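This report refers to the structure that appears directly beneath it.
The values are calculated or read from the model by the stated rules, or taken from the named source; none is laboratory data. In this text, all values refer to a predicted model and were calculated from it rather than measured experimentally. Cβ placement follows ideal geometry from the backbone for every residue including glycine, while neighbour counts extend to all protein chains displayed. Ligands, DNA and RNA are stripped out before the accessible areas are found, and what is left, the full protein with its side chains, is counted by its heavy atoms. Shrake-Rupley method; radii C 1.70, N 1.55, O 1.52, S 1.80 Å.
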Amino acid sequence: MEQIVRRPTRRIFLGGVPIGDGAPVSIQSMLNVRTSDVSGALRQIRELEAAGCDIIRFTIADKADAAAIPELKREARAPLVADIHFDHQLALAALEAGIDGLRINPGNIGSRDKVEEVVKAAAERKVPIRIGVNSGSLPKHLLAKYGVSAQAMVEAALEHVRILEELHFDAIKISVKASRIPLMLESYRLLSQKVDYPLHLGVTEAGSLLSGSVKSALGLGILLSEGIGDTIRVSLTSDPVQEVIVGKQILRNLGLRRGLDIISCPTCGRTRIDLIALVHEVEEALRPYSDIPLTVAVMGCAVNGPGEAREADFGIAGGDGEGLLFARGEVVKKVREADLVWELLALIQAGIADA
């Protein structure tokens with residue numbers, strides 16, 4: 001695969017996670033429970049970390065949410081980001097509680113002196129700030145001037161950036177999210193020409209698991225393939241863990257992250273095993289190995305199956321109620337359909353142990 005040339009950006013750190021300047025593209029997600037629900041928030045944090053989430057964000061809507069941060073910080077391994085609107089006191093409370101990052105827009109958290117107070121506290125603690133612009137909440141003066149457009153999106157972001165720069169704060173990352181792919185693409189491309197701050201990519205309000213995954217793969221995939229983007233979130237109306245899984249798949253298919261690659265064929269009239277169920281079982285069985293760079297082929301018949309299975313590190317080529325197991329291009333054994341998954345898993349575990 002031809003290697004993607006990443007756009008040069010500044011380096012910032014979110015906790016221990018580097019962002020920008022060639023650092024690996026990180027995956028973010030967001031809790032969908034109240035932050036003050038500490039047990040629920042911790043459960044989701046653990047699930048997201050187990051799925052491979054690099055950065056976790058949550059809403060700070062009131063003082064009870066801010067008061068939960070220290071306990072969440074004690075338990076979490078991933079850096080935590082507080083998402084705050086309108087109330088600078090909540091931003092100060094989150095910083096005091098030890099938050100790793102802020103998502104605010106300096107123009108909407110109060111007067112200049114309040115912004116200065118937040119920025120000073122963030123600078124003292126070396127906490128970066130993400131400026132997040134969404135197409136659905138653009139300032140009225142920019143809507144009047146440009147309408148809903150890339151020019152309005154980027155100018156909104158730059159207005160917030162200028163406030164921080166005037167305060168000599170440069171630990172900044174920026175997002176300009178839209179739900180329409182063409183607008184999202186144009187906005188990020190234009191912004192990338194104007195600043196060298198790291199960019200957080202996302203398609204906002206992307207939709208349900210299926211439709212949102214497709215939209216996100218298109219938007220994020222196109223920009224990442226052009227070298228634009230330093231950290232991503234796949235926004236889905238679904239379990240946040242699914243956002244991480246889809247994000248990892250996008251990065252792996254672009255060659256930006258190594259890990260497990262499961263190849264499976266579409267079913268057709270030649271298939272004599274329950275391939276759909278088999279692939280789902282293989283995906284679940286191999287989930288603990290998702291970060292290991294392996295290619296596993298699960299093929300349904302004898303037309304392309306043996307060839308694809310030989311090309312993979314491990315593979316199944318289906319027959320009539322049975323299948324051949326392959327390892328490193330060689331046939332290992334013939335196995336009945338009911339035993340294929342656990343036999344494949346045993347074969348992979350042995351292969352990993354010998355590596």
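For segment 1-55, a residue qualifies if it is closer than 15 Å to Thr231 by Cβ and hydroxyl-bearing (Ser, Thr, Tyr), and the qualifying residues are Thr9, Ser26, Ser29.
Taking the criterion of being of a type in the set (Gly, Ala, Ser), assigned to a loop (DSSP other than H, G, I, E, B) and at pLDDT below 95, the residues of segment 50-92 that qualify are Gly52, Ala61.
Which number in (1) over 24 Å from the mean Cα position of the chain (by Cα); (2) polar (S, T, N, Q); (3) open to solvent by less than 30 Å² (accessible area, probe 1.4 Å) marks the one condition that Ser235 misses? Unmet for Ser235, out of (1) over 24 Å from the mean Cα position of the chain (by Cα); (2) polar (S, T, N, Q); (3) open to solvent by less than 30 Å² (accessible area, probe 1.4 Å): (1). So, Val195, is that one surrounded by fewer than 21 Cβ atoms within 10 Å (Cβ to Cβ) and closer than 24 Å to Ile109 by Cα or not? When the stated conditions are applied, Val195 passes them. Inspect segment 22-30 for any residue being more than 21 Å from Glu243 (Cα to Cα) and part of a loop (DSSP other than H, G, I, E, B) and give the result as yes or no. Yes; the residues of segment 22-30 include at least one that is more than 21 Å from Glu243 (Cα to Cα) and part of a loop (DSSP other than H, G, I, E, B). Answer yes if at least one residue in segment 93-107 is acidic (Asp, Glu), modelled with pLDDT of 95 or more, surrounded by 19 or more Cβ atoms within 10 Å (Cβ to Cβ) and closer than 26 Å to Asp170 by Cβ, and no otherwise. Yes: segment 93-107 contains one or more residues that are acidic (Asp, Glu), modelled with pLDDT of 95 or more, surrounded by 19 or more Cβ atoms within 10 Å (Cβ to Cβ) and closer than 26 Å to Asp170 by Cβ.
Of all the criteria given as (1) over 17 Å from Ala338 (Cα atoms); (2) under 26 Å from the mean Cα position of the chain (by Cα), the one not satisfied by Val282 is (1). The requirement of being part of a helix (DSSP H, G or I) and within 24 Å of the chain's Cα centre (by Cα) is satisfied by Val154.
Evaluation of Lys63 against the conditions (1) open to solvent by 40 Å² or more (accessible area, probe 1.4 Å); (2) among the charged types (D, E, K, R); (3) under 19 Å from Leu167 (Cβ atoms) shows that the sole unmet condition is (3). When restricted to residues that are part of a helix (DSSP H, G or I) and open to solvent by less than 20 Å² (accessible area, probe 1.4 Å), segment 108-123 contains 5. Consider segment 47-60 and keep the residues that are in contact with a helix residue (DSSP H, G or I) (Cβ under 8 Å, 6 or more places away or on another chain) and either closer than 15 Å to Leu102 by Cα or acidic (Asp, Glu) (or both). The one that is surrounded by the fewest Cβ atoms within 10 Å (Cβ to Cβ) is Glu47. Which of the residues spanning segment 109-137 are more than 22 Å from Ile232 (Cβ to Cβ) and of a type in the set (A, V, I, L, M, F, W, C)? If the condition is that a residue be more than 22 Å from Ile232 (Cβ to Cβ) and of a type in the set (A, V, I, L, M, F, W, C), then Ile109, Val115, Val118, Val119, Ala121, Ala122, Ala123 are the ones that fit. Being within 23 Å of the chain's Cα centre (by Cα) and within 26 Å of Asp37 (Cβ to Cβ) is a property that does not hold for Pro70.
Could you please find all residues in segment 147-162 being open to solvent by less than 40 Å² (accessible area, probe 1.4 Å) and farther than 17 Å from Gly136 by Cβ? The answer is Leu158, Val161.
Residues in segment 203-244 that are farther than 18 Å from Val5 by Cα and assigned to a helix (DSSP H, G or I): 15 in all. Could we say that Ile263 is part of a helix (DSSP H, G or I), open to solvent by 10 Å² or more (accessible area, probe 1.4 Å) and not aromatic (Phe, Trp, Tyr) here? For Ile263, the condition - part of a helix (DSSP H, G or I), open to solvent by 10 Å² or more (accessible area, probe 1.4 Å) and not aromatic (Phe, Trp, Tyr) - is not met.
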